[in-house]
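The values are calculated or read from the model by the stated rules, or taken from the named source; none is laboratory data. Bear in mind that the values here come from a model prediction, so they are computed numbers and not experimental data. Because the Cβ atoms are built from the backbone with ideal geometry, glycine has one as well, and the counts that use them run over all protein chains shown.
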Amino acid sequence: MKRNITLISFLVILTGLVLWMVKNDRSTSSNINSGKLSVVASFYPLYFFASEIGGDKAQVINITPAGAEPHDFEPTPQDLVKMESSRLIVLNGGGLETWQKNVEKNINPKNTQIVVAGEGLTMQQATENGQGGVDPHVWLSSVLAQKMVDKIAQSFVQVDPVSKDYYNANAAGLKNKLMELDAQYRNGLKSCAKKDIITAHSAFAYLAAEYGFKQVSIAGLSPDAEPSSSQLASLAKFAKDNGVKYIFFESLASPKLAETLASEIGAQTLVLDPLEGLSTEDMSRGKNYLTVMQDNLTNLRTALECQ
């Protein structure tokens, strides 16, 4: 009996502590965002777009930690509190945020607006473990990224109409940078000896469709979907038959499979970054969506033997 009373007391204290932490987190969030529009983005590209649009008038939080893979990320209770306390939540859609429906179900639309920036844009299909699925990696096409920026900017204006001109001007500036990036890709990839690349995972279908090359992937839609030995053998044959000299790997995932395949066929490895996140080190070096996309173009030109 005494032991049961002790356990009940412990649970009461623990519950009180959790409630205090939630309340304190709300208070801290409110203080941090005082005078600014509070915005939560689900992962890095959306964080970058929202930060560029919001500028000095918004406090944008990326809930996927630096260096983490968004395919596997699950929000913590504190992340959910941040979302509930925000005025705007920016999601990608297309199945990338496996927790999207749960958030949509629990967020009060009177207090917080949710924008799914990739809605209507995720048209590419891919196969993983024998199952078809929607490819969510729309942000890698600078043309589709411009449409995502439009949707995000519209949501900023809806929740903070007083600052409409400011948000629209920032969005226009960002779209100009994306249009310049698109021109760089079109010029850089218009005359290439090769058309095939092998990537770590199936993330570049929108990019490939936009600029006229073909992606063959080692893994599926998520980087941790490892291929079978027969699939690796098929990839090795494809690489040899098509004269593939470079195998692409990613900064946030293990390069082991790419290195193994490259070694087997006598190829080299290069980074092709799906921009699902940036490491703390990358951000400290000043890297961002635009600079990484430019790095990707440089490596694509090398692999595709472009003039």
**Study point:** Hits in the stretch 250-259 (condition: outside any loop (DSSP other than H, G, I, E, B) and at pLDDT below 90)
**Key:** 256, 257
Point to revise | Selection within the stretch 42-92 - assigned to a helix (DSSP H, G or I) and under 13 Å from residue 278 (Cα atoms) | key: 44, 45, 46, 47, 48
Review point. Could you say which residue among 152, 218 is touching a residue at least 24 places away in the same chain (Cβ under 8 Å) and closer than 30 Å to residue 237 by Cβ?
Key: 218
Check your understanding: Which numbered condition trips up residue 103, out of (1) within 17 Å of residue 47 (Cβ to Cβ); (2) in contact with a Phe, Trp or Tyr (Cβ under 8 Å, 6 or more places away or on another chain); (3) not small (Gly, Ala, Ser)?
Key -> (2)
Practice item. Find the residue count for the stretch 71-91, including only residues that are of a type outside the set (Lys, Arg) and in contact with a Leu (Cβ under 6 Å, 6 or more places away or on another chain). Key: 1
Review point. Which ones in the stretch 170-229 are in a loop (DSSP other than H, G, I, E, B) and aromatic (Phe, Trp, Tyr)?
Key: 204, 213
Exercise for review: Report the residue count in the stretch 260-307 for those that are of a type in the set (Val, Ile, Thr), within 19 Å of residue 140 (Cβ to Cβ) and either modelled with pLDDT under 95 or within 19 Å of the chain's Cα centre (by Cα) (or both).
Suggested key: 3
Review point. Within the stretch 227-249, restricting attention to residues that are surrounded by 15 or more Cβ atoms within 10 Å (Cβ to Cβ) and within 25 Å of residue 73 (Cα to Cα), which residue is modelled with the lowest pLDDT?
Key: 227
**Study point:** Hey, residue 173 farther than 23 Å from residue 259 by Cβ, touching a strand residue (DSSP E or B) at 6+ places or on another chain (Cβ under 7 Å), touching a residue at least 24 places away in the same chain (Cβ under 8 Å) and surrounded by fewer than 19 Cβ atoms within 10 Å (Cβ to Cβ) or not
**Key:** no
Practice item. Could you please find all residues in the stretch 46-78 being among the acidic types (Asp, Glu) and buried (at least 20 other Cβ atoms within 10 Å of the Cβ)? Key: 52
Exercise for review: Pick out the one residue from 272, 278, 300, 261 that is within 16 Å of residue 64 (Cβ to Cβ) and either buried (at least 21 other Cβ atoms within 10 Å of the Cβ) or of a type in the set (Asp, Glu) (or both).
Suggested key: 278
**Study point:** Exclusive hit being modelled with pLDDT of 95 or more, at negative phi and not in a helix (DSSP H, G or I), set 115, 143, 157
**Key:** 115
Exercise for review: Check whether at least one residue in the stretch 82-94 is among the polar types (S, T, N, Q), surrounded by fewer than 21 Cβ atoms within 10 Å (Cβ to Cβ), under 27 Å from residue 281 (Cα atoms) and not assigned by TED's automatic domain parsing to the domain that holds residue 227, and report yes or no.
Suggested key: no
Check your understanding: Does residue 203 fit the bill of being modelled with pLDDT under 95 and under 28 Å from residue 252 (Cβ atoms)?
Key -> yes
Exercise for review: With the condition kept exactly as written, say whether any residue in the stretch 26-33 is assigned by TED's automatic domain parsing to the domain that holds residue 143, part of a loop (DSSP other than H, G, I, E, B) and at pLDDT 90 or above.
Suggested key: no
Exercise for review: May I ask you to verify whether residue 200 is in the same structural domain as residue 265 (by TED's automatic domain parsing), in contact (Cβ under 8 Å) with a residue 40 or more places away in the chain, surrounded by fewer than 21 Cβ atoms within 10 Å (Cβ to Cβ) and within 20 Å of residue 138 (Cα to Cα)?
Suggested key: no
Point to revise | Lone qualifier among 110, 105 - being surrounded by fewer than 21 Cβ atoms within 10 Å (Cβ to Cβ) and in a loop (DSSP other than H, G, I, E, B) | key: 110
